[in-house]
Every structure is written in C-alpha cells, then in structure tokens.
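One structure is given below, encoded as structure tokens.
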Amino acid sequence: MTARPSLRRLIHGAAALVAALALGATLWTGVDDRGTALAFGVLIAVGELTRWKGGGTRRAAPLGTAGSLSYALLGADAGHPAQHGAAQIVTVVLVASLLGGVPHIWRGRTPTLDHLARRVLTVGFAAVCFQPLYSRGVFTHWDGSAYALLLLALLALTALCDAVLAAALAHSRTRWPFGPLLREELRGLLGIGSAVCATGAVMALAVAVAGLWALPVFCLPLLLTQLSLRRYAAVRATYRQTITSLARATEIAGYTPAGHARRVAALSLAVGRDLGLTGTELTVLEYAALMHDIGQLSLVDPVHAGATAGLPGEEQRRIALLGGAVVRQTGVAAAVAVVVERQADPYRDQPVAARIVRAVNAYEEKARDAGAEGPLRALEELRLATAGDYAPEVVESLARVLSRDCLTLPVAG
C-alpha cells in the first residue's frame, strides 16, 4: 500500500524539481526570443482556457498540449535560429498552463497536480532530447523529410513517455491494474493523441519557415477537432443518461430496490477494470449492468426485493432473454443485449461481461440488508457456487475490489 502513493509522490517530486530548476535558470539568464515565448505562451494558455472536464489531459486540452510540444521542438523562427533552451521552454509552458487554468480554478475545476506533473515532465523530456542537439548544429544539414521524421519520432517517444506517466499516476491513484491502464492510454494515442502530435510537428515546421503567423492557421484544424470531440462527449453523456433512465424503470415499478442497478453497475465496472477490461468493453459492461434487471418488467408478480439470483435456472433464463429482447428494442448496442440475455447461462458459456454482471448482481442481492456479516457471507456463498454458477476468477476479483476500494469486509470471528 505504501509503494503506490510513493510512486505518485516521486513523479510529483520529479516534476516539482524540474520546474524549480527551469524557473531558477530562466530567472538567472533571462528570457530569450521574448516574442516567440509570448506567442507560444498565449497559445498554450488559450488551449488551457478551452479545455473541458474530459476523461484525460490529452482529450481535455489538445491545443495546449500541441502548443507545448511544438515550442519544445521549435528550432527556428522564420529562418532565424531560436535562442531559447530547455529551461525556458519548461518555464513558459508551466506559467502559461497555470494562467490558463485560473478560470477553471475559479469555477472549482482545479487542474490536478497529475496534469501539471505530466505536462512539465513530457515537455521537459522533448526539449532536452531536441534543443541541445539543435543548438550544436547536429541537424543543420538534414533535409526537409529527414527533419520532419525526426520531429515525429521525438513526438512519438514523448507520447509514449506521457502514456507511461499517465498510467502510473492512475494506477497509484485508483489502484487499478497498470497493464490495462497503459493499454488504454496507448489506444488513446491512435485517436486525438495522433492529431495532437501531428499538429505539434506541423506547427514547429511551419513557424521555422513562415514565422509566428503560422500558429493561428495550423491551430484551426485542432480547434475544430476539439469542438467535434466535445459534441461527441455530450452525445455520449446524453446516451448514458437515457440508459440510466431506462434502468430505473424497474425501480419505479417496484420490481427492484432503489439504487440497485447503479450499485451493480459501479461494482461491475470496478471488477471489470481489475480483470483488465478497457475502453468499449467497460462501456458495454456498464450499460449491461444498468439494464440487467429490465426483463423483470414482464413478470406479473414481482420477485421479492427483485432478487433473481435465488430463482430456478429456467426462470432466470426466461427473465434474461426477455431483458435482452427489451434492450434490443431500445436501440442500445447489440453487444449490451447479448450480455443481458446471457447472464443466466452457465458461466463457462458466458462472455466475460455477463460473468461479471451475474456474480456482482448475486453478491449485491445477498449482501443487501444482511447486516454486518452480509458481505462476507455473500462472498462465501459465491465461492461455494463457483463449481457451476459463478466464474472463480470473477468472484476472486470481486473480493479484491471489495477489500481494496474502501469497501471493508468484516473479519470473521
């Protein structure tokens, strides 16, 4: 338990040390190419101003990230060699990021230390890899294509560095497995991450030839992409709210207790992350967990407390199939309907998401209103039923999540 927080403190400490050294060196030597520093500082600050509360820094502030990387890899301005060094780059990026985050701090959306630590370390990495070699004339005789490939290669390495930092910080903060978190970060590089890296390289090349006037021209495509992403995020949020409303139909009709679907969905997501599910798999799992009981609407007489885990197998399968049919009629993705209608099958024949929903639903029903010993007793019942009803790896993952994520298990005896 102590190693994970220490990793986060280590990353924050490294970022603070880099920022302090860069700020001290810049104050000692002064700011070179002040016009260039001001232009990129404004660009980064605007990028932070336009950031939104998204799933990650790369998605939330792509313009600020692209501007930071472009400044780190800037070798010339309109044909004149740039004079700024790595220390000045880190200082400008840090100050601009803080200034751009002031309105978010005022509204209570404070940028996290993780965000600033990643920005400082990744920009410092890119600047240290590029600026000393450029200032020594190593790249003077490189032709256009070779120079462009060099920038892209450095940006790819920087993106990988950022992905590792992001996964490590998320692992330390949430205690989810590092491997799936890293895969999710790397998958993000194929989307908006690639657009950010490409824009950073293009801006650095364009400013080297055309000067600072190239900045607003090459920022526009990324701004439009960011606008499209915000609209897509809004559509997804509305879609999820619709599914949540549909899931509450069983609660409103009195078939299931209030909050049951939300609790099953939250716990299913935690188990899914523990088992290494990412991206679309987690989305399907969440939607299926929210709608897993919707088939109960077909019952003439509601099951007591909505507890279907104790019903005969045939009755469970009938309710599951009816639920899958209802999900298909709502227009939700077919993968969600498959999970809902197969949650009563033998676990060896189920997809992973269905195994998770079935085990978590049974746990929630058994532990609910069962007193202090309810969670432990419910887990023991699930373990005893792993021979045929519940997947052993899912039950053990559920036990890990409950004991790890501040859901303390009672101690027997």
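Hey, can you tell me all the residues within the stretch 342-368 that are free of Cβ contacts under 8 Å to residues at least 40 places away in the same chain and farther than 17 Å from Pro392 by Cβ?
Arg342, Ala344, Ala367, listed by residue number.
I'd like to verify a number: residues in the stretch 260-284 that are farther than 19 Å from Ala359 by Cβ and open to solvent by less than 30 Å² (accessible area, probe 1.4 Å), how many? Show your work before the answer.
Start the filter on the stretch 260-284 by keeping residues that are farther than 19 Å from Ala359 by Cβ, which leaves 278-280, 283.
Add one more test, that the residue is open to solvent by less than 30 Å² (accessible area, probe 1.4 Å), and what stays is 278-279.
Final tally of qualifying residues: 2.
If I filter the stretch 128-154 down to residues being closer than 25 Å to Val18 by Cα and aromatic (Phe, Trp, Tyr), which single residue comes out as nearest to the chain's Cα centre (by Cα)?
The qualifying residue nearest to the chain's Cα centre (by Cα) is Phe130.
Which residue, of Ala234, Ala270, is of a type in the set (Gly, Ala, Ser), without any contact (Cβ under 8 Å) to a residue 12 or more places away in the chain and out of contact with any Leu (no Cβ under 7 Å at 6 or more places or on another chain)? Break it down stepwise before answering.
Numbers: Ala270 fails: without any contact (Cβ under 8 Å) to a residue 12 or more places away in the chain.
None of the other options fit; the residue is Ala234.
Show the residue pairs meeting these rules: Cβ distance below 8 Å; 6+ apart or different chains; first residue within the stretch 206-219 and more than 14 Å from Ala66 (Cα to Cα) and at pLDDT 85 or above; second residue open to solvent by 10 Å² or more (accessible area, probe 1.4 Å) and in a loop (DSSP other than H, G, I, E, B).
Ala208/Ala78; Ala208/Gly79; Val209/Ala78; Val209/Gly79; Ala210/Ala78; Gly211/Ala78; Leu212/Ala78
Confirm whether Ala247 is surrounded by 14 or more Cβ atoms within 10 Å (Cβ to Cβ), touching a Ser or Thr at 6+ places or on another chain (Cβ under 8 Å) and in contact (Cβ under 8 Å) with a residue 40 or more places away in the chain. Write out each step before concluding.
Working: surrounded by 14 or more Cβ atoms within 10 Å (Cβ to Cβ): yes; touching a Ser or Thr at 6+ places or on another chain (Cβ under 8 Å): no; in contact (Cβ under 8 Å) with a residue 40 or more places away in the chain: yes.
Considered against the rule, which asks whether it is surrounded by 14 or more Cβ atoms within 10 Å (Cβ to Cβ), touching a Ser or Thr at 6+ places or on another chain (Cβ under 8 Å) and in contact (Cβ under 8 Å) with a residue 40 or more places away in the chain, Ala247 comes out as no.
Quick check on my filter: what residues within the stretch 221-253 are in a loop (DSSP other than H, G, I, E, B) and among the small types (Gly, Ala, Ser)?
Here is the first cut: in the stretch 221-253, the residues in a loop (DSSP other than H, G, I, E, B) are 248, 253.
Result: Ala253, single match.
Here's the yes/no breakdown for (1) farther than 24 Å from Glu251 by Cα; (2) within 30 Å of the chain's Cα centre (by Cα):
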{"site": "Ala320", "(1), (2)": "no, no"}
{"site": "Ala325", "(1), (2)": "no, no"}
{"site": "Gln329", "(1), (2)": "no, no"}
{"site": "Arg355", "(1), (2)": "no, yes"}
{"site": "Arg358", "(1), (2)": "no, yes"}
{"site": "Arg368", "(1), (2)": "no, no"}
{"site": "Leu382", "(1), (2)": "yes, no"}
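Say we look at the stretch 211-220 and pick out the residues that are open to solvent by 20 Å² or more (accessible area, probe 1.4 Å) and not in a helix (DSSP H, G or I); which of these is nearest to Ala76 (Cα to Cα)? Steps first, answer last, please.
Step one: of the stretch 211-220, the residues open to solvent by 20 Å² or more (accessible area, probe 1.4 Å) are 212-213, 216-218, 220.
From the residues that got through so far, the ones that are not in a helix (DSSP H, G or I) too are 212-213.
Working: Leu212: 10, Trp213: 14 Å.
Within the stretch 211-220, the match that is nearest to Ala76 (Cα to Cα) is Leu212.
What about Ala86, is it modelled with pLDDT of 90 or more and surrounded by fewer than 17 Cβ atoms within 10 Å (Cβ to Cβ)? Spell out how you get there, then give the answer.
Numbers: modelled with pLDDT of 90 or more: yes; surrounded by fewer than 17 Cβ atoms within 10 Å (Cβ to Cβ): no.
Spelling it out, it is not the case that Ala86 is modelled with pLDDT of 90 or more and surrounded by fewer than 17 Cβ atoms within 10 Å (Cβ to Cβ).
Would you tally the residues in the stretch 329-348 being in a helix (DSSP H, G or I) and modelled with pLDDT of 85 or more? Before the answer, list the steps.
Kept after step one, since they are in a helix (DSSP H, G or I), are these residues of the stretch 329-348: 329-330, 334-341, 347-348.
Okay, now just the ones that are also modelled with pLDDT of 85 or more, so 334-341, 348.
Here the count works out to 9.
Kindly indicate whether Ala82 is touching a strand residue (DSSP E or B) at 6+ places or on another chain (Cβ under 7 Å) and in contact (Cβ under 8 Å) with a residue 12 or more places away in the chain. Explain how you work it out, then say what you get.
Working: touching a strand residue (DSSP E or B) at 6+ places or on another chain (Cβ under 7 Å): yes; in contact (Cβ under 8 Å) with a residue 12 or more places away in the chain: yes.
Against the criterion (touching a strand residue (DSSP E or B) at 6+ places or on another chain (Cβ under 7 Å) and in contact (Cβ under 8 Å) with a residue 12 or more places away in the chain), Ala82 qualifies.
Restricting the stretch 25-47 to residues that are open to solvent by less than 40 Å² (accessible area, probe 1.4 Å) and free of Cβ contacts under 8 Å to residues at least 60 places away in the same chain, which is farthest from Met203 (Cα to Cα)?
Gly30
Looking at the stretch 380-389, can you tell me whether even one residue there is touching a Phe, Trp or Tyr at 6+ places or on another chain (Cβ under 7 Å), over 19 Å from Ile319 (Cβ atoms) and surrounded by 20 or more Cβ atoms within 10 Å (Cβ to Cβ)?
Yes: the stretch 380-389 contains one or more residues that are touching a Phe, Trp or Tyr at 6+ places or on another chain (Cβ under 7 Å), over 19 Å from Ile319 (Cβ atoms) and surrounded by 20 or more Cβ atoms within 10 Å (Cβ to Cβ).
Taking the condition of being within 16 Å of Ala233 (Cβ to Cβ) and among the basic types (Lys, Arg), how many residues in the stretch 183-199 meet it?
Qualifying residue count for the region: 0.
The values are calculated or read from the model by the stated rules, or taken from the named source; none is laboratory data. Just so it is clear, the structure is predicted and the values come from calculations on it, not from any experiment. Neighbour counts run over all protein chains shown; Cβ positions are idealised from the backbone, glycine included. Calculation scope for accessible area: heavy atoms of the full protein, side chains included, ligands and nucleic acids excluded. Shrake-Rupley method; radii C 1.70, N 1.55, O 1.52, S 1.80 Å.
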